[in-house]
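J.: This structure is in structure tokens; I'll ask about it shortly.
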Amino acid sequence: MPIILAIETSSELASCALLNSADGADTPVLTRESSGVRTHSQSVLPMVQELLRDAGIALADCDAIAFGAGPGSFTGVRTACGVAQGLAFGARKPVLPLVTLEAMAEACRARTGATDVLAVLDARMGEVYWAQYRWTGAWETVRAPALSAPGAVAPEAVDGLVACGNGFAAYPEAFANAPFAAGAHSDILPHAREFAVLGVAALAAGRAVPADEAQPLYLRNKVAYTSAERQAINAAKADAR
């Protein structure tokens, strides 16, 4: 099994994870997390350094760097992409851009055993990002990631559909009469732990790209990097050298 470093900053929770089966541990995914969107660009690199140090490996030992490409907050997905690119450039490693909503589906499956999952993430401004997935030994997309009003979320009707994501907590009135929202796991957010796990299959499937080809997944119009984001990217490049 490869060694995957994962970075996720698309929501209010920033996280990093390291999947490393080389040490023979029963639970090979090490994680770190930090809350507070404004501090994401400052917290990611220290978390990465701590994970590598605790695992006793160097960045050069990783096989790929995965990140939450979106959808999610503009600042968050750009920060994760930029830091992953910076680390990958310096270490000459490939990058795995992965979808946040699929990672939420994986977290929901791990918690509940569900094989049909609807993931709904708060997009602010009265909207949500959502997608529907089905597990058949790998995740298949039933409804592709979309941006819409909460009331426009329309999953395919299937028995055993389980919903997750903070979109349900953000807009409870909009989902009050939706059958698919009953029992939704609204505390599930994108987390680097799931990106590390999903990264194994993504790498084996040839979905890794060179660092300069990695792109965030925007469902709204993108804007320029902020000065703080540029500083995070430059710091990642310097740290990887």
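The values are calculated or read from the model by the stated rules, or taken from the named source; none is laboratory data. As the structure is a prediction and not an experimental result, all values here were calculated from the model. Every residue, glycine as well, gets a Cβ built from its backbone with ideal geometry; the counts of neighbours run over all protein chains shown. Quick note on the areas: whole protein, heavy atoms, side chains included, nothing else; ligands and nucleic acids left out. Shrake-Rupley method; radii C 1.70, N 1.55, O 1.52, S 1.80 Å.
J.: Would you mention how many residues in region 132-143 are among the hydroxyl-bearing types (S, T, Y) and either open to solvent by less than 40 Å² (accessible area, probe 1.4 Å) or not in a strand (DSSP E or B) (or both)?
T.: 2
J.: Give the residues of region 160-208 that are of a type in the set (D, E, K, R) and part of a helix (DSSP H, G or I), sorted by residue number.
T.: Passing the criteria: E173, R193, E194.
J.: Evaluate the following for R92: is it surrounded by fewer than 18 Cβ atoms within 10 Å (Cβ to Cβ) and under 30 Å from A60 (Cβ atoms)?
T.: Considered against the rule, which asks whether it is surrounded by fewer than 18 Cβ atoms within 10 Å (Cβ to Cβ) and under 30 Å from A60 (Cβ atoms), R92 comes out as yes.
J.: Of the residues F180, F168, F175, which single one is in contact with a His (Cβ under 9 Å, 6 or more places away or on another chain) and of a type in the set (F, W, Y)?
T.: F168
J.: Return the total of residues in region 95-105 being assigned to a helix (DSSP H, G or I) and surrounded by 24 or more Cβ atoms within 10 Å (Cβ to Cβ).
T.: 5
J.: Inspect all residues belonging to region 22-30 and state whether any of them is without any contact (Cβ under 8 Å) to a residue 60 or more places away in the chain and open to solvent by less than 50 Å² (accessible area, probe 1.4 Å).
T.: Taking every residue of region 22-30 in turn, at least one turns out to be without any contact (Cβ under 8 Å) to a residue 60 or more places away in the chain and open to solvent by less than 50 Å² (accessible area, probe 1.4 Å).
J.: Among the listed residues A66, A80, which satisfies the condition of being touching a Leu at 6+ places or on another chain (Cβ under 6 Å), surrounded by 24 or more Cβ atoms within 10 Å (Cβ to Cβ) and either within 16 Å of G165 (Cα to Cα) or of a type outside the set (F, W, Y) (or both)?
T.: The unique qualifying residue is A66.
J.: Continuing with the same structure: If only one of G72, G76, G68 is part of a loop (DSSP other than H, G, I, E, B) and within 15 Å of L219 (Cα to Cα), which one is it?
T.: Among G72, G76, G68, only G72 is part of a loop (DSSP other than H, G, I, E, B) and within 15 Å of L219 (Cα to Cα).
J.: Being open to solvent by 50 Å² or more (accessible area, probe 1.4 Å) and farther than 19 Å from G82 by Cα narrows it down to one of A202, A146, A174, so name that one.
T.: Matching residue, one of A202, A146, A174: A174.
J.: In region 74-119, which residues are touching a Phe, Trp or Tyr at 6+ places or on another chain (Cβ under 7 Å) and of a type in the set (S, T, N, Q)?
T.: T115
J.: Moving on to the next point. Name the residue that is surrounded by the most Cβ atoms within 10 Å (Cβ to Cβ), counting only residues in region 149-164 that are within 16 Å of R134 (Cα to Cα) and among the small types (G, A, S).
T.: My answer is A163.
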